[in-house]
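A.B. asks: One structure, as structure tokens, below. Some questions next.
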Amino acid sequence: MEISIGKVEKRLYSILESEGALYFVLVDPEDRNISQILEKVEEYADAVIVGGSIGVSNLDEITREIKKIVKDIPVILFPGNIDGLTPYADAVFFMSLMNSNNTYWTTLAPTLGALIIKRYSLEPIPMAYLGVEPVRKTAVGFVGEVNEIPQRKPEIAAMYCLSARYFGMRWAYLEAGSGAECPVSDEMIKVSKELSGINIIVGGGIRTPEVAYRKIVSGADAVVTGTVVEGNPSIMEGIWSAVKKAGREKLR
Ligand SMILES: CC(C)=CCC/C(C)=C/CC/C(C)=C/CC/C(C)=C/COP(=O)(O)OP(=O)(O)O
Ligand SMILES: O=P(O)(O)OC[C@@H](O)CO
Ligand SMILES: [Mg+2]
């Protein structure tokens with residue numbers, strides 16, 4: 001059985017080729033004002049990613065709701081555990097939290113999820129999920145028992161990205177944690193991209209178009225926002241335009 005690149009991932013690559021950068025909006029099934037976010041999300045995001053770090057209860061129903069509204073962009077699951085899977089999405093970040101102290105998060109959870117993903121015919125997108133300082137102060141770092149990568153040691157993140165590449169993963173997510181007081185540093189993104197060449201997603205604490213712009217210019221292929229859009233859906237436009245501006249500059 002050959003693991004080929006699926007429809008969703010192919011679409012992400014074609015946007016990267018034509019626009020130079022991707023913008024994903026994270027929707028937590030537990031959030032209140034999902035409908036307000038979903039109204040405009042297709043105009044500005046290249047995908048909706050769906051997940052929560054402390055247990056999701058109504059994922060099937062919420063994902064069906066999202067798919068009723070969001071027709072033109074993919075819905076990708078961002079699972080916080082095996083309860084983060086549903087057959088109603090298009091794809092799933094098949095992720096290993098590579099720098100967790102607990103092998104449940106590095107290997108067992110994705111392994112238990114693999115069977116469910118096959119049964120649900122979800123497209124798996126292989127991804128290294130890397131917790132970066134200050135992730136320990138956020139839900140992801142706590143739940144995932146992360147041995148967080150220090151912000152001032154960007155080369156450690158770069159090594160993980162290279163290792164992920166050698167494992168055959170195609171994406172790496174540098175995660176500072178939802179609501180992080182400071183996002184992953186530009187330097188860490190730059191050295192990680194230069195050393196590994198892996199597709200890099202950056203999320204955690206990105207709250208302004210300027211910061212989103214800088215993460216793409218530093219080498220990220222995609223940025224994720226969750227908290228800031230939950231609080232103010234209208235900021236999607238500014239972040240989208242900054243991400244795409246940085247993407248165009250990278251294509252020059
Ligand atoms: C591949 C499968 C089926 C499972 C892998 C599961 C793994 C490795 C999870 C890593 C540990 C973890 C807790 C990931 C959470 C990812 C996520 C949904 C983050 C978004 O968290 P928010 O809900 O935005 O954070 P708050 O709860 O603070 O709002
Ligand atoms: O909520 P924010 O801080 O945008 O973080 C998004 C995502 O990286 C959380 O896992
Ligand atoms: Mg949440």
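The values are calculated or read from the model by the stated rules, or taken from the named source; none is laboratory data. Just so we're clear, the structure is a prediction, and the values are computed from it rather than from any experiment. Neighbour counts are summed over all protein chains in view; Cβ atoms, including those assigned to glycine, are modelled from backbone coordinates with ideal geometry. Note: accessible area is taken over every heavy atom of the protein model, side chains too, but ligands, DNA and RNA are not part of it. Shrake-Rupley method; radii C 1.70, N 1.55, O 1.52, S 1.80 Å.
A.B. asks: Quick one: Cα centre-to-centre distance for the range 113-157 and the range 23-81, in angstrom?
C.D. replies: Between the Cα centres of the range 113-157 and the range 23-81 lies a distance of 19 Å.
A.B. asks: Could you work out how far apart the two model spin labels at Arg248 and Ser18 are, taking each label as a point 7 Å from the Cα in the direction of the beta carbon, and quote it in nm?
C.D. replies: Output for this residue pair reads 1.5 nm.
A.B. asks: Can you give the accessible area per residue of the range 131-200, in Å², using a 1.4 Å probe? Each step should come with its number before you reach the end.
C.D. replies: Details: 3150 Å² over 70 residues.
Value for the range 131-200: 45 Å² per residue.
A.B. asks: Carbon-plus-sulfur fraction of the accessible area of the chain, 1.4 Å probe, in percent? Don't jump to the answer; show the numbers that get you there.
C.D. replies: Values: 6150 of 11270 Å².
Roughly 55 percent, rounded to a whole number.
A.B. asks: For the range 1-89, state which trypsin sites (Lys or Arg not before Pro) are in a DSSP loop and have at most 10 other beta carbons lying within 10 Å of their beta carbon.
C.D. replies: Counting only loop positions with at most 10 other Cβ atoms within 10 Å, the trypsin sites (Lys or Arg not before Pro) in the range 1-89 are Arg32, Lys71.
A.B. asks: At a Förster radius of 51 Å, what calculated FRET efficiency corresponds to the Cβ-Cβ distance of Glu194 and Glu30, to the nearest 0.05? Please list the in-between numbers first.
C.D. replies: Numbers: r = 37 Å, r/R0 = 0.73.
Given R0 = 51 Å and the Cβ-Cβ separation, E is 0.85.
A.B. asks: Students often get this wrong, so check it: of Lys10/Lys71; Lys10/Lys153; Lys190/Lys245; Lys190/Lys250; Lys153/Lys245, which have C-alpha atoms separated by over 24 Å?
C.D. replies: Lys10/Lys153; Lys153/Lys245
A.B. asks: Of Lys118/Lys193; Lys40/Lys244; Lys7/Lys67, which sit over 20 Å apart, Cα to Cα?
C.D. replies: Lys118/Lys193
A.B. asks: P(r) for the range 130-252, please, calculated from all Cα pair distances in 5 Å bins and given in %.
C.D. replies: 2, 13, 22, 24, 20, 13, 5, 1, 0
A.B. asks: What FRET efficiency comes out for the pair Glu237/Ile69, r = Cβ-Cβ distance, R0 = 25 Å, nearest 0.05?
C.D. replies: The calculated FRET efficiency here is 0.90.
A.B. asks: Treat each spin label as a single point 7 Å out from the Cα along the C-beta direction, and report the Leu112 to Ser4 distance in nm.
C.D. replies: Once both label points are built, they end up 3.3 nm from each other.
A.B. asks: Using Cα pairs closer than 8 Å and at least 6 residues apart in sequence, work out the relative contact order for the range 1-105, in percent.
C.D. replies: Values: 138 pairs, mean separation 23.3, N = 105.
This gives 22 percent for the range 1-105.
A.B. asks: Now a separate question. Length gain on complete extension for the stretch Ser121 to Asn58, per 0.36 nm per residue less the alpha carbon to alpha carbon distance? It would help to have the intermediate numbers written out before the result.
C.D. replies: Working: separation 63, 0.36 × 63 = 22.68 nm, distance 1.98 nm.
Gain in length upon complete extension: 20.7 nm.
A.B. asks: Plugging the Kirkwood radius over Cα pairs into Stokes-Einstein for the chain, at a temperature of 10 °C and a viscosity of 1.306 mPa s, what D comes out in µm²/s? Display every interim value, and only then the final one.
C.D. replies: On the way: Rh = 17.7 Å.
Calculated translational D: 90 µm²/s.
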